[in-house]
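In what follows, a structure is listed as structure tokens, so that the remarks can point back to it.
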Amino acid sequence: GWKHVNKGNETNHPNPPYFNTPNPPKVFCGLYTYHKRRYLQEAVVETWAWRCDGFLAFSDETDPTLGAVDLPHQGDEGYSNMWQKIRSIWTYIYINYADQYDYF
């Protein structure tokens, strides 16, 4: 199995079914967030982001300790402008990671 260490606690997990295949699929995980939800970014990093082959949190602030990048987009950071940020996220993923992962 594989193990995860989180704040000193070690957890063993059984291997997923594809683990012993010659080329297991690679999964990239992205999180859409912003600075006021930093506590949620921390929770994601501590709970499930480590299981992804690649991970970035797309935010309005860069924080390398959480895998967060400030991703510019058209318009303001408001909820009503969410589509522009999502469009920027997918463009960024395509340009930088499309050929490195199988699933997004």
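No value in this document is a laboratory result; all are computed from the given coordinates. Quantities reported herein were computed from a predicted structural model and do not represent experimental measurements. Using ideal geometry, Cβ is built from the backbone for each residue, glycine included, and neighbour counts are taken over all protein chains shown.
From the alpha carbon gyration tensor of the stretch 26-97, can you work out the equivalent ellipsoid semi-axes (sqrt of 5 times each eigenvalue) and give them in Å, largest to smallest? Before the final figure, lay out the partial values.
On the way: eigenvalues 76, 47, 17 Å².
Ellipsoid half-lengths, sorted descending, are 19, 15, 9 Å.
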Counted neighbours (other Cβ, 10 Å), sorted fewest up, put K36, K85 in the order K36, K85
Using amide H atoms built in the peptide plane, which far-off residues or other-chain residues are under 5 Å from A68 H to H? A57, D63
For the stretch 62-85 and the stretch 27-46, what is the separation of their Cα centres, given in Å? 12
